[in-house]
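Structure first, then comments.
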C-alpha cells in the first residue's frame, strides 16, 4: 500500500513572519515525526507531499521538502522542490514562492518494492525535462503533490498531468490541496483540489473532486511496460543542435 498527502501538509501560508513562527527544522517537525510513526504503525509506504521546514540558510528561506517514508518509519528519500512558483496569475493573484523558499537542485528517484518512484512537487509539472529525466532513469510512478491555484488549476491541472504521463509512459499520482484556506495571518488563498491518478496511457483513473476526502486507486504496474512498448518514445530521444 502507498499513501500520499498533498503539498504543504504541515502549513499552507504566504505570510513569511507567520511561517517563521510556526515552522520547524526537520529534526523538530512534529508532522514529520507523527507521520513516520503512522507509516510504521500501519506498515505502509507514505509520500508526505511536502513540509515547509526551517533551514540554516543565511537568507532565512525555508525548504519545501517532500518525504518518502518506508514501512519501517525510516525516511527512504526526500526531495526539495526545484521550480519556484513566481507568477502573476491575475492582478489579485500574485505569488513569489522564491521570496520565502529556496529552490532545490537535485532530481530524486527512489526504489521501492513495488516501483521506482520519481519525486516532484506542484509547479515542477510545467517543466517536462525533469519528468523525462526521471523516466529515462527508470521512474514508473512520478508523484506530484500540489497546492495548485484555482485559476491555473481549472485551466491547466489535468492537461499538464496527463501530458506528463503520456510523454513518459508512467503513472502520475497527484494529491492536491483543496478549498479555501483561512490563514492565522496574511492573505487567504483558494486551491483547486482534484487530486488525480493518471495511467501511463493518459487515462484519468481517479479524480477526487473538490471536497476533502480519501481516494483509493489500484495500479497495475504492467501497464507501464505496455504503454512504453506501444509508444517507445523514451528510446527515441535524440540529441540535436540549435537553435
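Key figures
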quantity: Test result for residue 138, within 27 Å of residue 13 (Cα to Cα), part of a loop (DSSP other than H, G, I, E, B) and either in contact with a strand residue (DSSP E or B) (Cβ under 6 Å, 6 or more places away or on another chain) or modelled with pLDDT of 95 or more (or both); calculated: no
quantity: Residues satisfying the stated conditions in the range 105-129, i.e. part of a loop (DSSP other than H, G, I, E, B), in contact (Cβ under 8 Å) with a residue 40 or more places away in the chain and in contact with a strand residue (DSSP E or B) (Cβ under 8 Å, 6 or more places away or on another chain); calculated: 112, 114, 115, 120, 121
quantity: Any hit, the range 59-71, residues being modelled with pLDDT under 95, over 22 Å from residue 156 (Cα atoms) and more than 17 Å from the chain's Cα centre (by Cα); calculated: yes
quantity: Any hit, the range 68-89, residues being assigned to a loop (DSSP other than H, G, I, E, B), surrounded by 14 or more Cβ atoms within 10 Å (Cβ to Cβ) and without any contact (Cβ under 8 Å) to a residue 24 or more places away in the chain; calculated: no
quantity: Subset tally (residues that are over 16 Å from residue 193 (Cα atoms), buried (at least 23 other Cβ atoms within 10 Å of the Cβ) and in contact (Cβ under 8 Å) with a residue 60 or more places away in the chain) for the range 141-179; calculated: 3
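Matching residues to (1) crowded, with 17+ Cβ neighbours inside 10 Å; (2) assigned to a loop (DSSP other than H, G, I, E, B); (3) modelled with pLDDT of 95 or more:
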residue: 10; (1), (2), (3): yes, yes, no
residue: 13; (1), (2), (3): yes, yes, no
residue: 20; (1), (2), (3): no, no, no
residue: 36; (1), (2), (3): yes, no, yes
residue: 47; (1), (2), (3): yes, no, yes
residue: 50; (1), (2), (3): yes, no, yes
residue: 55; (1), (2), (3): yes, yes, yes
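The values are calculated or read from the model by the stated rules, or taken from the named source; none is laboratory data. Keep in mind that what you see is a predicted model, and the values were worked out from it rather than measured. Don't worry about glycine lacking a Cβ; one is built from the backbone with ideal geometry, like all the others, and counts go over all protein chains shown.
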